[in-house]
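Please read the structure below before turning to the comments.
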Amino acid sequence: MHYPGSVGEFQSWFGTDDDCLDYLEWLRWPEGFVCERCGHAGGWRLGDRRFKCAVCGAKTSVTAGTIFDKTRTPLTVWFTVCWMFASGKDGISALSVQRTLEIGSYQTAWAMLHRLRVVLVRPGRDRLGGAVEVDETYIGGEEPGLRGGRAKGKKVLTCIAVEVHEPKGFGRCRMAPIADGSADSLHGFVTDHVEPGATIITDGWAGYRGLDKLGYVHDRRSQRAARLGGEDPGDLLPGVHRIASLAKRWLLGTHQGSGDAAHLPDYLNEFVFRFNRRRSRSRGLVFYRVLELAVAHDPVRYKDLIVDPAPKKVPPVPPGRWGHPPSLERAAVARPWRTVDLG
Ligand SMILES: [Zn+2]
(Lines give C-alpha, C1' and ligand atoms only; values in the text may rest on other atoms or scores of the structure.)
Protein backbone atom coordinates (compact mmCIF):
# COMPACT_ATOMS: atom_id res chain seq x y z
CA MET A 1 0.00 0.00 0.00
CA HIS A 2 1.43 3.34 -1.06
CA TYR A 3 -1.28 5.47 0.49
CA PRO A 4 -3.33 5.51 3.70
CA GLY A 5 -6.59 3.60 3.46
CA SER A 6 -8.46 5.38 6.25
CA VAL A 7 -8.38 8.50 8.34
CA GLY A 8 -6.86 6.47 11.20
CA GLU A 9 -4.04 5.30 8.96
CA PHE A 10 -3.61 8.81 7.66
CA GLN A 11 -3.16 10.12 11.20
CA SER A 12 -0.70 7.43 12.21
CA TRP A 13 1.38 7.85 9.02
CA PHE A 14 1.70 11.62 9.12
CA GLY A 15 2.10 12.71 12.71
CA THR A 16 5.11 14.98 12.16
CA ASP A 17 6.62 17.13 9.43
CA ASP A 18 9.44 14.57 9.15
CA ASP A 19 6.88 11.87 8.28
CA CYS A 20 5.51 14.16 5.56
CA LEU A 21 9.01 14.90 4.22
CA ASP A 22 9.73 11.15 4.01
CA TYR A 23 6.59 10.63 1.98
CA LEU A 24 7.31 13.57 -0.34
CA GLU A 25 10.86 12.27 -0.85
CA TRP A 26 9.51 8.90 -1.83
CA LEU A 27 6.98 10.50 -4.19
CA ARG A 28 9.47 12.86 -5.83
CA TRP A 29 12.49 10.56 -5.96
CA PRO A 30 11.18 6.98 -5.89
CA GLU A 31 14.59 5.71 -7.09
CA GLY A 32 16.54 8.01 -4.79
CA PHE A 33 17.67 11.64 -4.95
CA VAL A 34 18.14 13.17 -8.41
CA CYS A 35 19.81 16.57 -8.76
CA GLU A 36 17.46 19.15 -10.27
CA ARG A 37 20.39 21.25 -11.58
CA CYS A 38 22.64 18.71 -13.33
CA GLY A 39 20.40 15.63 -13.47
CA HIS A 40 22.88 13.43 -11.60
CA ALA A 41 21.33 10.62 -9.57
CA GLY A 42 22.94 10.40 -6.18
CA GLY A 43 24.10 12.63 -3.37
CA TRP A 44 24.30 13.07 0.37
CA ARG A 45 21.61 13.80 2.86
CA LEU A 46 22.59 16.80 4.99
CA GLY A 47 21.80 17.33 8.66
CA ASP A 48 19.00 19.78 7.87
CA ARG A 49 17.29 17.19 5.65
CA ARG A 50 18.46 18.83 2.46
CA PHE A 51 20.38 16.89 -0.19
CA LYS A 52 23.72 17.72 -1.73
CA CYS A 53 24.46 16.58 -5.28
CA ALA A 54 27.53 14.32 -5.50
CA VAL A 55 28.60 15.91 -8.80
CA CYS A 56 27.74 19.63 -8.87
CA GLY A 57 27.35 20.18 -5.14
CA ALA A 58 23.93 21.86 -5.43
CA LYS A 59 21.90 21.72 -2.24
CA THR A 60 18.18 21.25 -2.38
CA SER A 61 15.22 20.22 -0.26
CA VAL A 62 12.44 17.90 -1.32
CA THR A 63 9.94 20.76 -1.27
CA ALA A 64 12.09 23.13 -3.38
CA GLY A 65 10.59 23.69 -6.81
CA THR A 66 7.21 22.20 -5.82
CA ILE A 67 4.00 23.84 -4.63
CA PHE A 68 5.32 23.39 -1.06
CA ASP A 69 8.34 25.59 -1.84
CA LYS A 70 9.03 28.16 0.92
CA THR A 71 5.70 27.44 2.56
CA ARG A 72 5.26 28.76 6.09
CA THR A 73 2.47 26.29 6.74
CA PRO A 74 3.59 23.07 8.49
CA LEU A 75 3.55 20.07 6.17
CA THR A 76 1.28 18.22 8.58
CA VAL A 77 -1.32 20.95 7.96
CA TRP A 78 -0.73 20.76 4.20
CA PHE A 79 -1.21 16.99 4.30
CA THR A 80 -4.38 17.31 6.34
CA VAL A 81 -5.77 19.80 3.82
CA CYS A 82 -4.84 17.39 1.00
CA TRP A 83 -6.59 14.58 2.85
CA MET A 84 -9.74 16.66 3.39
CA PHE A 85 -9.61 17.79 -0.25
CA ALA A 86 -9.21 14.22 -1.53
CA SER A 87 -11.24 12.14 0.91
CA GLY A 88 -14.52 14.03 0.67
CA LYS A 89 -16.52 13.13 -2.40
CA ASP A 90 -17.38 16.78 -2.97
CA GLY A 91 -14.21 18.31 -1.61
CA ILE A 92 -14.14 21.07 0.95
CA SER A 93 -14.53 24.82 1.13
CA ALA A 94 -11.85 27.24 2.30
CA LEU A 95 -14.11 28.27 5.17
CA SER A 96 -14.34 24.66 6.43
CA VAL A 97 -10.58 24.24 6.16
CA GLN A 98 -10.03 27.45 8.09
CA ARG A 99 -12.46 26.44 10.84
CA THR A 100 -11.47 22.78 11.12
CA LEU A 101 -7.74 23.36 11.22
CA GLU A 102 -7.98 26.69 13.03
CA ILE A 103 -5.91 28.36 10.36
CA GLY A 104 -5.50 32.02 11.20
CA SER A 105 -6.66 33.59 7.98
CA TYR A 106 -9.24 32.69 5.39
CA GLN A 107 -6.78 33.79 2.70
CA THR A 108 -4.24 31.13 3.78
CA ALA A 109 -6.83 28.36 3.64
CA TRP A 110 -8.15 29.68 0.33
CA ALA A 111 -4.66 29.85 -1.21
CA MET A 112 -3.82 26.28 -0.14
CA LEU A 113 -6.95 24.92 -1.81
CA HIS A 114 -6.32 27.00 -4.92
CA ARG A 115 -2.76 25.72 -5.19
CA LEU A 116 -4.18 22.19 -5.09
CA ARG A 117 -6.68 23.07 -7.82
CA VAL A 118 -3.92 24.44 -10.02
CA VAL A 119 -1.88 21.20 -9.87
CA LEU A 120 -4.81 19.00 -10.90
CA VAL A 121 -4.39 19.69 -14.60
CA ARG A 122 -1.51 17.53 -15.73
CA PRO A 123 0.29 18.90 -18.80
CA GLY A 124 -0.10 16.55 -21.75
CA ARG A 125 -3.06 14.67 -20.30
CA ASP A 126 -5.00 12.54 -22.75
CA ARG A 127 -7.76 14.14 -24.74
CA LEU A 128 -11.27 12.69 -24.81
CA GLY A 129 -12.16 10.12 -27.46
CA GLY A 130 -14.96 7.96 -28.84
CA ALA A 131 -18.35 9.66 -28.95
CA VAL A 132 -18.20 13.07 -27.26
CA GLU A 133 -21.07 15.47 -26.61
CA VAL A 134 -20.10 19.16 -26.70
CA ASP A 135 -22.25 22.11 -25.68
CA GLU A 136 -21.87 25.46 -23.96
CA THR A 137 -23.71 26.97 -21.01
CA TYR A 138 -23.47 29.84 -18.53
CA ILE A 139 -22.05 28.93 -15.12
CA GLY A 140 -21.49 30.91 -11.94
CA GLY A 141 -22.95 34.09 -10.58
CA GLU A 142 -25.36 32.49 -8.16
CA GLU A 143 -25.30 32.37 -4.42
CA PRO A 144 -27.90 30.72 -2.21
CA GLY A 145 -29.45 32.18 0.88
CA LEU A 146 -29.29 35.85 0.07
CA ARG A 147 -32.30 37.92 0.96
CA GLY A 148 -34.31 39.30 -1.87
CA GLY A 149 -33.53 36.44 -4.20
CA ARG A 150 -30.25 35.51 -5.78
CA ALA A 151 -27.51 38.04 -6.19
CA LYS A 152 -26.62 38.59 -9.77
CA GLY A 153 -22.96 37.84 -10.29
CA LYS A 154 -20.96 37.37 -13.41
CA LYS A 155 -21.94 34.32 -15.39
CA VAL A 156 -19.24 32.76 -17.49
CA LEU A 157 -19.82 31.05 -20.82
CA THR A 158 -18.38 27.58 -20.31
CA CYS A 159 -17.85 24.82 -22.84
CA ILE A 160 -18.42 21.23 -21.74
CA ALA A 161 -17.37 17.97 -23.39
CA VAL A 162 -18.24 14.51 -22.11
CA GLU A 163 -17.66 11.00 -23.46
CA VAL A 164 -20.92 9.13 -23.92
CA HIS A 165 -21.06 5.36 -23.82
CA GLU A 166 -23.48 3.00 -25.55
CA PRO A 167 -26.09 2.03 -24.51
CA LYS A 168 -25.76 4.42 -21.57
CA GLY A 169 -23.36 6.00 -19.12
CA PHE A 170 -20.67 8.65 -19.31
CA GLY A 171 -16.88 8.56 -19.41
CA ARG A 172 -14.59 11.48 -18.70
CA CYS A 173 -15.43 15.15 -19.07
CA ARG A 174 -13.68 18.46 -19.66
CA MET A 175 -14.86 22.01 -18.96
CA ALA A 176 -13.38 25.40 -19.73
CA PRO A 177 -14.60 28.98 -20.01
CA ILE A 178 -14.72 30.29 -23.58
CA ALA A 179 -14.73 33.87 -24.81
CA ASP A 180 -17.91 33.53 -26.87
CA GLY A 181 -19.96 31.12 -28.94
CA SER A 182 -18.04 31.75 -32.15
CA ALA A 183 -16.59 29.02 -34.34
CA ASP A 184 -13.08 30.15 -33.32
CA SER A 185 -13.79 29.66 -29.61
CA LEU A 186 -15.71 26.41 -30.00
CA HIS A 187 -13.27 24.85 -32.46
CA GLY A 188 -10.40 25.84 -30.16
CA PHE A 189 -12.06 24.14 -27.20
CA VAL A 190 -12.74 20.96 -29.20
CA THR A 191 -9.19 20.65 -30.58
CA ASP A 192 -7.74 21.28 -27.09
CA HIS A 193 -9.84 18.63 -25.40
CA VAL A 194 -10.87 15.97 -27.93
CA GLU A 195 -8.70 13.60 -30.00
CA PRO A 196 -9.07 13.90 -33.76
CA GLY A 197 -11.10 11.01 -35.16
CA ALA A 198 -13.65 11.21 -32.35
CA THR A 199 -17.33 11.72 -33.06
CA ILE A 200 -18.49 15.13 -31.82
CA ILE A 201 -22.19 15.39 -31.03
CA THR A 202 -23.56 18.94 -30.93
CA ASP A 203 -26.80 20.79 -31.40
CA GLY A 204 -27.46 22.76 -34.58
CA TRP A 205 -25.56 25.92 -33.51
CA ALA A 206 -23.64 27.42 -36.43
CA GLY A 207 -20.44 27.82 -34.37
CA TYR A 208 -19.91 24.07 -34.51
CA ARG A 209 -19.93 23.94 -38.33
CA GLY A 210 -16.63 22.91 -39.84
CA LEU A 211 -15.60 20.36 -37.19
CA ASP A 212 -15.50 17.70 -39.91
CA LYS A 213 -12.72 19.68 -41.61
CA LEU A 214 -10.68 19.47 -38.39
CA GLY A 215 -10.59 15.69 -38.45
CA TYR A 216 -13.71 14.93 -36.43
CA VAL A 217 -16.88 13.06 -37.32
CA HIS A 218 -19.59 15.64 -36.69
CA ASP A 219 -23.01 14.44 -35.54
CA ARG A 220 -25.24 17.53 -35.53
CA ARG A 221 -28.56 17.09 -33.81
CA SER A 222 -31.19 19.53 -34.86
CA GLN A 223 -33.70 20.66 -32.26
CA ARG A 224 -36.22 21.32 -34.97
CA ALA A 225 -35.90 17.80 -36.31
CA ALA A 226 -36.26 16.39 -32.81
CA ARG A 227 -39.39 18.43 -32.23
CA LEU A 228 -40.84 17.32 -35.56
CA GLY A 229 -40.03 13.72 -34.69
CA GLY A 230 -41.92 14.02 -31.41
CA GLU A 231 -38.81 13.96 -29.20
CA ASP A 232 -37.97 16.38 -26.42
CA PRO A 233 -35.33 18.75 -27.88
CA GLY A 234 -33.95 19.16 -24.35
CA ASP A 235 -32.82 15.52 -24.45
CA LEU A 236 -30.57 15.93 -27.47
CA LEU A 237 -27.40 16.23 -25.37
CA PRO A 238 -28.16 14.49 -22.05
CA GLY A 239 -24.48 14.09 -21.10
CA VAL A 240 -23.45 17.73 -21.13
CA HIS A 241 -26.69 18.79 -19.47
CA ARG A 242 -26.03 16.31 -16.67
CA ILE A 243 -22.48 17.64 -16.21
CA ALA A 244 -23.69 21.23 -16.22
CA SER A 245 -26.29 20.62 -13.54
CA LEU A 246 -23.86 18.61 -11.37
CA ALA A 247 -21.24 21.35 -11.64
CA LYS A 248 -23.70 24.11 -10.78
CA ARG A 249 -25.03 22.17 -7.80
CA TRP A 250 -21.48 21.47 -6.60
CA LEU A 251 -20.49 25.14 -6.81
CA LEU A 252 -23.59 26.15 -4.85
CA GLY A 253 -23.24 23.32 -2.35
CA THR A 254 -19.58 22.88 -1.43
CA HIS A 255 -18.51 26.38 -2.30
CA GLN A 256 -21.74 28.32 -1.65
CA GLY A 257 -21.45 29.95 -5.04
CA SER A 258 -18.01 31.34 -4.32
CA GLY A 259 -16.67 30.29 -7.72
CA ASP A 260 -16.41 33.88 -8.88
CA ALA A 261 -15.66 34.61 -12.51
CA ALA A 262 -11.93 35.14 -12.02
CA HIS A 263 -11.42 31.80 -10.28
CA LEU A 264 -14.10 29.76 -12.00
CA PRO A 265 -11.58 27.92 -14.24
CA ASP A 266 -9.83 26.57 -11.12
CA TYR A 267 -13.10 25.38 -9.60
CA LEU A 268 -14.01 23.75 -12.92
CA ASN A 269 -10.64 21.95 -12.88
CA GLU A 270 -11.48 20.57 -9.47
CA PHE A 271 -14.96 19.53 -10.56
CA VAL A 272 -13.58 17.74 -13.64
CA PHE A 273 -10.90 16.01 -11.53
CA ARG A 274 -13.58 14.75 -9.12
CA PHE A 275 -16.02 13.74 -11.84
CA ASN A 276 -13.37 11.77 -13.70
CA ARG A 277 -12.49 9.91 -10.49
CA ARG A 278 -16.04 9.39 -9.30
CA ARG A 279 -15.68 5.61 -9.49
CA SER A 280 -12.38 5.48 -7.60
CA ARG A 281 -13.16 3.32 -4.57
CA SER A 282 -10.18 4.45 -2.55
CA ARG A 283 -10.06 8.04 -1.38
CA GLY A 284 -6.51 7.31 -0.24
CA LEU A 285 -5.59 6.77 -3.87
CA VAL A 286 -7.01 10.19 -4.75
CA PHE A 287 -4.97 11.70 -1.89
CA TYR A 288 -1.85 10.00 -3.24
CA ARG A 289 -2.61 11.30 -6.75
CA VAL A 290 -3.07 14.90 -5.55
CA LEU A 291 0.22 14.83 -3.63
CA GLU A 292 2.00 13.25 -6.57
CA LEU A 293 0.80 16.09 -8.82
CA ALA A 294 1.66 18.67 -6.13
CA VAL A 295 5.24 17.51 -5.80
CA ALA A 296 5.68 17.47 -9.58
CA HIS A 297 4.26 20.98 -10.05
CA ASP A 298 6.26 24.22 -10.09
CA PRO A 299 5.69 26.64 -7.22
CA VAL A 300 2.48 28.67 -7.47
CA ARG A 301 2.92 32.16 -6.07
CA TYR A 302 0.14 33.84 -4.14
CA LYS A 303 0.20 36.82 -6.47
CA ASP A 304 -0.35 34.50 -9.42
CA LEU A 305 -3.44 33.16 -7.71
CA ILE A 306 -4.96 36.57 -7.19
CA VAL A 307 -3.52 38.66 -10.04
CA ASP A 308 -4.13 37.89 -13.65
CA PRO A 309 -4.44 40.57 -16.31
CA ALA A 310 -7.49 39.08 -17.98
CA PRO A 311 -9.76 38.59 -16.24
CA LYS A 312 -8.55 40.57 -13.26
CA LYS A 313 -8.18 38.26 -10.32
CA VAL A 314 -9.09 39.54 -6.92
CA PRO A 315 -8.14 38.61 -3.36
CA PRO A 316 -10.50 36.19 -1.67
CA VAL A 317 -13.14 37.06 0.90
CA PRO A 318 -15.04 34.33 2.78
CA PRO A 319 -18.51 33.61 1.39
CA GLY A 320 -21.63 33.73 3.52
CA ARG A 321 -21.62 36.41 6.15
CA TRP A 322 -19.88 38.96 4.01
CA GLY A 323 -21.86 38.33 0.90
CA HIS A 324 -20.12 36.63 -1.96
CA PRO A 325 -16.46 37.18 -2.88
CA PRO A 326 -15.73 40.26 -4.89
CA SER A 327 -16.31 40.00 -8.57
CA LEU A 328 -15.81 42.53 -11.30
CA GLU A 329 -19.43 43.55 -11.07
CA ARG A 330 -19.60 43.92 -7.33
CA ALA A 331 -19.03 47.62 -7.17
CA ALA A 332 -21.81 48.32 -9.62
CA VAL A 333 -24.61 46.36 -7.96
CA ALA A 334 -26.69 47.18 -4.92
CA ARG A 335 -25.68 45.12 -1.90
CA PRO A 336 -28.67 44.99 0.43
CA TRP A 337 -27.41 41.82 2.18
CA ARG A 338 -24.47 43.73 3.59
CA THR A 339 -26.63 45.75 5.91
CA VAL A 340 -28.94 42.81 6.56
CA ASP A 341 -26.34 40.22 7.49
CA LEU A 342 -23.95 42.20 9.61
CA GLY A 343 -26.33 42.73 12.49
ZN1 LIG B 1 23.98 18.24 -9.50
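The values are calculated or read from the model by the stated rules, or taken from the named source; none is laboratory data. Please read all numbers here as calculations on a predicted model, not as lab measurements. Note that we place each Cβ from the backbone using ideal geometry, even for glycine, and neighbour counts take in every protein chain shown.
General remarks:
- Pair list, Cβ under 7 Å, 6 or more apart: segment 54-75 residue in a loop (DSSP other than H, G, I, E, B) and at pLDDT below 95, other residue near the ligand (Cβ under 10 Å from one of its atoms) and among the acidic types (Asp, Glu): Gly65/Glu36
- Scope segment 62-73; condition within 16 Å of the ligand (Cβ to nearest atom) and touching a helix residue (DSSP H, G or I) at 6+ places or on another chain (Cβ under 6 Å); matching residues: Val62
- Residues located in segment 41-61, provided they are within 8 Å of the ligand (Cβ to nearest atom) and under 23 Å from His297 (Cβ atoms): Gly43, Cys53, Ala58
- Selection within segment 1-53 - small (Gly, Ala, Ser), farther than 19 Å from Arg283 by Cβ, modelled with pLDDT under 95 and assigned to a loop (DSSP other than H, G, I, E, B): Gly32, Gly39, Gly42, Gly47
- Close pairs from segment 279-292: first under 20 Å from Leu24 (Cα atoms), partner assigned to a loop (DSSP other than H, G, I, E, B) and among the charged types (D, E, K, R), Cβ under 8 Å, at least 6 apart: Val286/Arg277; Arg289/Arg277
- Cross-chain or 6+ apart pairs with Cβ under 6 Å, segment 18-41 first and in contact (Cβ under 8 Å) with a residue 12 or more places away in the chain, then within 15 Å of the ligand (Cβ to nearest atom) and not in a loop (DSSP other than H, G, I, E, B): Phe33/Gly43; Phe33/Phe51; Cys35/Cys53; Glu36/Thr60; His40/Cys53
- Matching option when the condition is surrounded by 15 or more Cβ atoms within 10 Å (Cβ to Cβ) and either at positive phi or of a type in the set (D, E, K, R) (or both), among Asp48, Asp22, Asp69, Asp18: Asp22
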